[in-house]
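The values are calculated or read from the model by the stated rules, or taken from the named source; none is laboratory data. Remember, it's a predicted structure, so these values are computed and weren't measured experimentally. Cβ placement follows ideal geometry from the backbone for every residue including glycine, while neighbour counts extend to all protein chains displayed.
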Amino acid sequence: MRIVKQDKARSLPQDRETLFYFNVREIPPAPENKGSNAIVQMALQSRLKLFWRPAALKKKPGTEVELQLKVSQQGNTLLVNNPTAYYITLAFFGKDSKSQLSGFSSKMIAPFSSVTLNAGGYNGNAFALGYMDDYGGLRMLNVKCHGQCDLIVPEARK
């Protein structure tokens, strides 16, 4: 499989990332020994996310645009606003970095948009958010809310 940039890429937005979904269906070849009963075959389907990042948005290694997220608390929900030109995937939401809140499913925040996270029965003002970096690693942030919410990078990462 080879993916090649087309001339139409110039018509994509240049001020933000663009998301594409690449669907792949893998169907195994027919077995050579059709008389055998000891064959298991499975067809798989994968859905991959491909991000187009314009050259003007090139990130420097070590830059964490996720630290620019704006978080506000409204009761037991958090509103997470992404003011950046990048997609941000939230993969963890908990009251601390060890226990994820029940019912949370990962969320992708599009550039210049926001998502609401429901904390369920947890009414505290301290949370942990985990996001996926460009290399697929989970990076944690602590969120403290007292009127407004602040993002705090854990000590181990400083």
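For region 87-105, taking the residues that are assigned to a loop (DSSP other than H, G, I, E, B) and hydrophobic (A, V, I, L, M, F, W, C), the one that is surrounded by the fewest Cβ atoms within 10 Å (Cβ to Cβ) is identified as 104.
Residues in region 1-60 that are in a loop (DSSP other than H, G, I, E, B) and among the acidic types (Asp, Glu) were compared, and the one that is modelled with the lowest pLDDT is 32.
Listed here are the residues, each with its yes/no results for (1) surrounded by 13 or more Cβ atoms within 10 Å (Cβ to Cβ); (2) small (Gly, Ala, Ser); (3) at pLDDT 95 or above; (4) not in a strand (DSSP E or B).
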residue	(1), (2), (3), (4)
81	yes, no, yes, no
85	yes, yes, yes, yes
114	yes, yes, yes, no
135	no, no, no, yes
